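Below: the structure, in structure tokens.
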Amino acid sequence: MAVENDLVLIYFEEKPLAYARIESILPDSKKDWYHVKLLLLQIPLQMVTWILKDVYISGTEFTMNGKKMRLEKVESPVEPETSDSQGDKETKKDTAQNDKGAKVISLEDLKRK
């Protein structure tokens, strides 16, 4: 089930319509129903609140005004690690070892002057 701060893709009549971020999920007075506040990621940004069953938040198809709707949680793609990124890690390790004697300057102290 999608939770707060998850990105979802909204399908309308089986076609992708818009992306949205789930801002909050609050229980409704009816069992297994929730007030789902969505930030529609479009221009202009728009906040909507839909009253949905928990299974609808999980991706089961539902209808609004007779039109098929569905929410699909968006998973961030994982980039495969390449040999270049492993070399970068080794370079960062070397840099960190060379910086052990470096002095840390507090930005807060500079701000007071």
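The values are calculated or read from the model by the stated rules, or taken from the named source; none is laboratory data. Owing to the predicted nature of the structure, the values given are computational and were not obtained by experimental measurement. Cβ coordinates were reconstructed from backbone atoms using ideal geometry, including for glycine residues, and neighbour counts include every protein chain displayed. Quick note on the areas: whole protein, heavy atoms, side chains included, nothing else; ligands and nucleic acids left out. Shrake-Rupley method; radii C 1.70, N 1.55, O 1.52, S 1.80 Å.
For the reader, a short list of remarks on this structure follows.
Condition check ((1) under 14 Å from the mean Cα position of the chain (by Cα); (2) under 19 Å from E75 (Cβ atoms); (3) open to solvent by less than 80 Å² (accessible area, probe 1.4 Å)) across all residues:
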site	(1), (2), (3)
Y11	no, yes, yes
P16	no, yes, no
R21	yes, yes, no
K30	no, no, no
L38	yes, yes, yes
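- Selection from region 40-62 of residues that are exposed (fewer than 14 other Cβ atoms within 10 Å of the Cβ) and part of a strand (DSSP E or B): Q46, M47, V48, T49, I51
- Test: residue in region 65-87 that is modelled with pLDDT of 95 or more, surrounded by 14 or more Cβ atoms within 10 Å (Cβ to Cβ) and in contact with a Lys or Arg (Cβ under 9 Å, 6 or more places away or on another chain): no
- Of the residues making up region 13-47, those that are touching a residue at least 12 places away in the same chain (Cβ under 8 Å) and among the charged types (D, E, K, R) are E13, E14, R21, E23, D28, D32, K37.
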